[in-house]
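Have a look at the structure below, then the notes.
The values are calculated or read from the model by the stated rules, or taken from the named source; none is laboratory data. Every value quoted in this text rests on a predicted model; they were computed, and no experiment measured them. As a convention, Cβ positions derive from the backbone with ideal geometry for all residues, glycine included, and neighbour counts pool all protein chains shown. Ligands, DNA and RNA are stripped out before the accessible areas are found, and what is left, the full protein with its side chains, is counted by its heavy atoms. Shrake-Rupley method; radii C 1.70, N 1.55, O 1.52, S 1.80 Å.
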Amino acid sequence: MVPSFAGGRADQIRARLEGSAYPREKIDKYCRLVERIEKELLPHEVIVNNRYTRWFESGDFDATELRHFVTQFSVFSNFFIVAQLLKTINAPTLEAMHASKEILMNELGVVFRNPEKKQQTEEEVEAEGTVNGSTFRFSSAHFEWLLRMATHLGLEFKDLGKRRHGTPTTLFFCDELARIYGAEDTSTALGASFAVENWAAAGFWKELIRGLTVFKERECPNLPLGFFTWHDMVEDQHARHTWDELEEEFFAHDKVDEDKFIQGGVEMLDGVLAFWNGLNDDRLARETSHRAAS
Ligand SMILES: [Fe+2]
């Protein structure tokens, strides 16, 4: 058997970049950043051990729990738009502004258009493509997908998406998104974006979908899950590119401050964790009070 080369990601990247036109100093800097990401960002609790989504996956929850979850998710979903707008405004280059606007406009209801397909029907929802030259529809806003799902659970527009509906931990997460993901400082914002992408790619959409499918089959056969299945589909495609994108961004910018990048990433993940731990504490508190009542 040929022993496999057990070099880390940084070693592999160094070997690949050594023959490139990039200056050695910059390659060293990038490899150092990669090492720190693997040590300080990726093992974060919210990436490796999200207790709420792991529990949720079983589908062992009632409609009250699901209403609480959907309400908190609707607040995050709405305030993500604020953070994405800030990210767009603070974009360091025109290309970065365009990339940011793709996400912002799609979130608001401009469907991705696949330039290779001539005609796209209203029902076709692309997970890739561009908003440029595409069509806006109120009904394609991600918030409205969530609203349509929520109406099957007895929730209405007035029950969703506002600050007043958020718990303190949900609001903390939303505010951290605006502060860090939407930061003016490019290194901080880059770290936060990379962290958020790796959290999203870690599989929590699939855990949610599995739990929701169990609930749907058991209690609510018409429950539309499009909001969750679509995001999972996008994530699957995106997860393959996060490292390539980081490399591109790193070498496109004159100065990426390693400390600010890592700090932005860690603080952002702490914000994400606060959101999920808040939900987990809420459901544990509900279980305890149920037990006390029975
Ligand atoms: Fe979305």
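Taking every residue in region 144-157 that is closer than 20 Å to Glu65 by Cβ and pairing it with any residue that is open to solvent by 20 Å² or more (accessible area, probe 1.4 Å) and acidic (Asp, Glu), at least 6 positions away or on another chain, the pairs with Cβ-Cβ distances below 8 Å are Ala150/Glu156; Ala150/Asp159. Against the test of being more than 14 Å from the ligand (Cβ to nearest atom), under 30 Å from Glu247 (Cα atoms) and crowded, with 19+ Cβ neighbours inside 10 Å, the options Thr130, Thr88 yield a single qualifying residue, Thr88. Checking Ala292, Ala285, Ala274 one by one, the residue that is in a helix (DSSP H, G or I), among the small types (Gly, Ala, Ser) and open to solvent by 70 Å² or more (accessible area, probe 1.4 Å) is Ala292 and no other. Entry remark, region 214-227: residues being exposed (fewer than 13 other Cβ atoms within 10 Å of the Cβ) and either within 16 Å of the ligand (Cβ to nearest atom) or outside any helix (DSSP H, G or I) (or both) number 2 in total.
One line per residue, one yes/no per condition, for (1) touching a residue at least 24 places away in the same chain (Cβ under 8 Å); (2) in contact with a His (Cβ under 8 Å, 6 or more places away or on another chain); (3) more than 20 Å from Phe172 (Cβ to Cβ):
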{"position": "Asp244", "(1), (2), (3)": "no, no, yes"}
{"position": "Glu249", "(1), (2), (3)": "yes, no, yes"}
{"position": "Asp254", "(1), (2), (3)": "no, no, yes"}
{"position": "Lys260", "(1), (2), (3)": "yes, no, yes"}
{"position": "Gly271", "(1), (2), (3)": "yes, no, no"}
{"position": "Asn277", "(1), (2), (3)": "yes, no, no"}
{"position": "Asp282", "(1), (2), (3)": "yes, yes, no"}
{"position": "Ala285", "(1), (2), (3)": "no, no, no"}
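Scanning region 187-194 turns up no residue that is more than 26 Å from Met97 (Cα to Cα) and open to solvent by 20 Å² or more (accessible area, probe 1.4 Å). Of the helices (runs of 4 or more DSSP H) contained entirely in region 53-153, those carrying at least 2 residues that are over 24 Å from Pro221 (Cβ atoms) and either among the aromatic types (Phe, Trp, Tyr) or touching a strand residue (DSSP E or B) at 6+ places or on another chain (Cβ under 9 Å) (or both) fall at 63-89, 94-108. Answer yes or no as to whether Trp230 is within 16 Å of the ligand (Cβ to nearest atom) and either touching a residue at least 40 places away in the same chain (Cβ under 8 Å) or not in a helix (DSSP H, G or I) (or both). For Trp230, the condition - within 16 Å of the ligand (Cβ to nearest atom) and either touching a residue at least 40 places away in the same chain (Cβ under 8 Å) or not in a helix (DSSP H, G or I) (or both) - is met. Set side by side, the residues Gly191, Gly211, Gly161, Gly166 differ, and just one is within 15 Å of the ligand (Cβ to nearest atom) and over 12 Å from the mean Cα position of the chain (by Cα), which is Gly161. Figure legend. Inter-residue proximity from region 179-193: first residues more than 13 Å from Glu258 (Cβ to Cβ), second residues open to solvent by less than 10 Å² (accessible area, probe 1.4 Å) and among the β-branched types (Val, Ile, Thr), beta-carbon distance below 6 Å, spacing 6+ or different chains. Indicated pairs: Ala192/Ile180.
Taking residues in region 30-55 that are in contact (Cβ under 8 Å) with a residue 60 or more places away in the chain, and partners anywhere that are charged (D, E, K, R), the pairs with Cβ atoms closer than 6 Å and at least 6 places apart or on different chains are Leu33/Glu258; Thr53/Glu207. Test Glu123 against the criterion of being modelled with pLDDT of 95 or more, surrounded by fewer than 16 Cβ atoms within 10 Å (Cβ to Cβ) and farther than 26 Å from Asp281 by Cβ, and give yes or no. No. Residue check: Glu18 meets all listed conditions (1) modelled with pLDDT of 90 or more; (2) open to solvent by 40 Å² or more (accessible area, probe 1.4 Å); (3) not basic (Lys, Arg) but one, namely (1). The test for being open to solvent by 50 Å² or more (accessible area, probe 1.4 Å) and in contact with a strand residue (DSSP E or B) (Cβ under 6 Å, 6 or more places away or on another chain) does not hold for Phe157.
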